[in-house]
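Mind looking over this structure? Questions follow.
The values are calculated or read from the model by the stated rules, or taken from the named source; none is laboratory data. This is a predicted model, so every value here is computed, not measured. Positions of Cβ are backbone-derived with ideal geometry, glycine not excepted, and every protein chain shown enters the neighbour counts. Please note that ligands, DNA and RNA were not included when accessible areas were found on the heavy atoms of the full protein model with its side chains. Shrake-Rupley method; radii C 1.70, N 1.55, O 1.52, S 1.80 Å.
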Amino acid sequence: MPKTFSAAVVLVAVAALGVAGAAPADASAVSAGALALGHQTLPLNDGWAASGAGTTGGAAATTVSVVHNRDELVAAVAGDAPKIVYVSGRIDMLAGKSCTDFADPAYTLDGFLAAYDPAVWGTAAKPTGALEEARVRSAKAQGDQIKAIVGSNTTIIGINNGRISHGSLVLTGVSNVIVRNLEIVDAADCFPAWDPTDGTTGNWNSLYDLVSLSGATNVWIDHNTFSDGNNLDEDQPLYFGRPYQVHDGASDIIKGSDLVTVSYNDYYDHDKTMLIGSTDTAGVDVGKLRVTVHHNRFGNVLQRAPRVRFGQVDVYNNLYTATDELYQYTLGAGIESAIYAENNYFKLSFDVPTGDIIHYWKGTKITAIGTLVQYGSRRAIPVDLVAAYNAAYDPDLAPDAGWTPALRTKVDPTASVPSVVAANAGIRHLGS
Ligand code: CA
Ligand code: CA
């Protein structure tokens, strides 16, 4: 089947699918297959996003749009009317701008570094004052440029190698959103914040997640590819002895977000990958943050795959590769978290102990069953991840998350996870 049709053929296809109203802005760029793809909804029982009202995205749309640049994307995803938005080709959210275009007249990195050098400012408090205020103003200007604020009842689909770079899809207080078949890369922050109180040596922290869910409900993130592109953390400078971290999460799910399915995505070469719950303070997150994470590839991500607070999170049939010397951990058991991990496959380098896969973040319990671990090219072996963690660290975690996932479609045997995930995760597997 050809990838594209003539405009006339597409208009027939639109009519056949019951899509009334405006034709795509660039009808020739949308194949019949892509039109059908845009109308797909989350399958029944496919993870937590199938709960409640289910997740249909923009399937009820009377119009579809094809976007090719930052302004078209921002306009198309706004508002709560049902809509299907095709991201065609590569969209750079900077749209020709650079960091210097956002910098406040009172901000320079050299000035900032001079003002808040621990030798000058100390390490007891976060920066305040004129340079910090100028940094915040600069960050606001960048955020206004690179964020795409997504409304409810939206499906966003990549076609023609659809890619969003240097930007962030922001889902705040919305429901019923689908993001599929999209490459999303390098949401670099031009103005990282310095926090001398973060950790023992201070840290540079950044603002933008590739996809950011805050108070978002019924969201399906499927068959996307997430990475830092060619802007790798390891290439960033050190300031104050710490890496100048310009990236934040790949797919963060916070502030009372709930009923989310993250399936068949490819996450690679990223540090803070998936934060589920951003604060230990019991509040809007209690009883929420229910997420299913299945059939994703996590290729040399360093931490948070995912890190969980409060939520019941089902993590099954994922493929993890941890061979980077900076690898920290995979499953973060945070406060009141209930991770149920089943049939996941880990490829580790020889210097990564199995006890490091789970990390204690004030949680008390976690289920991790059916795990296979493969060192190098050796034969994969079953590993009890909770026992391995408990043998290496304290406090011990109870090996029972206290719930059993019901919202699953098909659970693959662990031994087949590498081939199933390699053949299906990420972009270019949905026929567009
Ligand atoms: Ca974040
Ligand atoms: Ca122990």
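When you go through Val170, Val179, Val136 one by one, which is the residue that is open to solvent by 40 Å² or more (accessible area, probe 1.4 Å) and either at pLDDT 95 or above or on the phi < 0 side of the Ramachandran plot (or both)?
That would be Val136, the only listed residue that is open to solvent by 40 Å² or more (accessible area, probe 1.4 Å) and either at pLDDT 95 or above or on the phi < 0 side of the Ramachandran plot (or both).
Does segment 11-18 contain at least one residue that is touching a strand residue (DSSP E or B) at 6+ places or on another chain (Cβ under 9 Å), buried (at least 20 other Cβ atoms within 10 Å of the Cβ), more than 19 Å from Asn160 (Cβ to Cβ) and modelled with pLDDT under 95?
Step one: list which residues in segment 11-18 are touching a strand residue (DSSP E or B) at 6+ places or on another chain (Cβ under 9 Å), which gives 14.
Keeping just the survivors that are buried (at least 20 other Cβ atoms within 10 Å of the Cβ) gives 14.
Applying the additional criterion that residues be more than 19 Å from Asn160 (Cβ to Cβ) yields none.
Among the residues of segment 11-18, not one is touching a strand residue (DSSP E or B) at 6+ places or on another chain (Cβ under 9 Å), buried (at least 20 other Cβ atoms within 10 Å of the Cβ), more than 19 Å from Asn160 (Cβ to Cβ) and modelled with pLDDT under 95, which makes the answer no.
Residue by residue through segment 320-365, note down the ones that are hydrophobic (A, V, I, L, M, F, W, C) and within 15 Å of Arg304 (Cα to Cα).
Ala322, Leu326, Leu331, Ala333, Ile335, Ala338, Ile339, Ala341, Phe346, Ile357, Ile358, Trp361
Which residue out of Leu372, Leu385, Leu397, Leu407 is among the aliphatic types (A, V, I, L, M), away from ligand 2 (no atom under 12 Å from the Cβ) and farther than 14 Å from Asn343 by Cα?
The match here is Leu407.
Can you tell me how many residues within segment 239-255 are more than 16 Å from ligand 1 (Cβ to nearest atom) and either in contact with an Asp or Glu (Cβ under 7 Å, 6 or more places away or on another chain) or β-branched (Val, Ile, Thr) (or both)?
2
Consider Ala59 against the criteria (1) assigned to a helix (DSSP H, G or I); (2) aliphatic (A, V, I, L, M); (3) at pLDDT 95 or above: it satisfies all of them except one. Which criterion is unmet?
(1)
Only one of Ala391, Ala422, Ala401 is touching a helix residue (DSSP H, G or I) at 6+ places or on another chain (Cβ under 8 Å) and at pLDDT 95 or above; which?
Criteria check complete, one pass: Ala391.
For segment 110-127, which positions are assigned to a loop (DSSP other than H, G, I, E, B) and either within 13 Å of Tyr239 (Cα to Cα) or open to solvent by less than 30 Å² (accessible area, probe 1.4 Å) (or both)?
Asp117, Gly122, Pro127, listed by residue number.
Another question, then. Are any residues in segment 80-102 open to solvent by 40 Å² or more (accessible area, probe 1.4 Å) and either small (Gly, Ala, Ser) or assigned to a loop (DSSP other than H, G, I, E, B) (or both), and if so, which ones?
Kept after step one, since they are open to solvent by 40 Å² or more (accessible area, probe 1.4 Å), are these residues of segment 80-102: 80-82, 90, 92, 95-101.
If the condition is that a residue be open to solvent by 40 Å² or more (accessible area, probe 1.4 Å) and either small (Gly, Ala, Ser) or assigned to a loop (DSSP other than H, G, I, E, B) (or both), then Asp80, Ala81, Pro82, Ala95, Gly96, Lys97, Ser98 are the ones that fit.
Looking at segment 188-213, which of the residues that are more than 13 Å from ligand 1 (Cβ to nearest atom) and farther than 15 Å from Phe112 by Cα is surrounded by the fewest Cβ atoms within 10 Å (Cβ to Cβ)?
This residue is Thr200.
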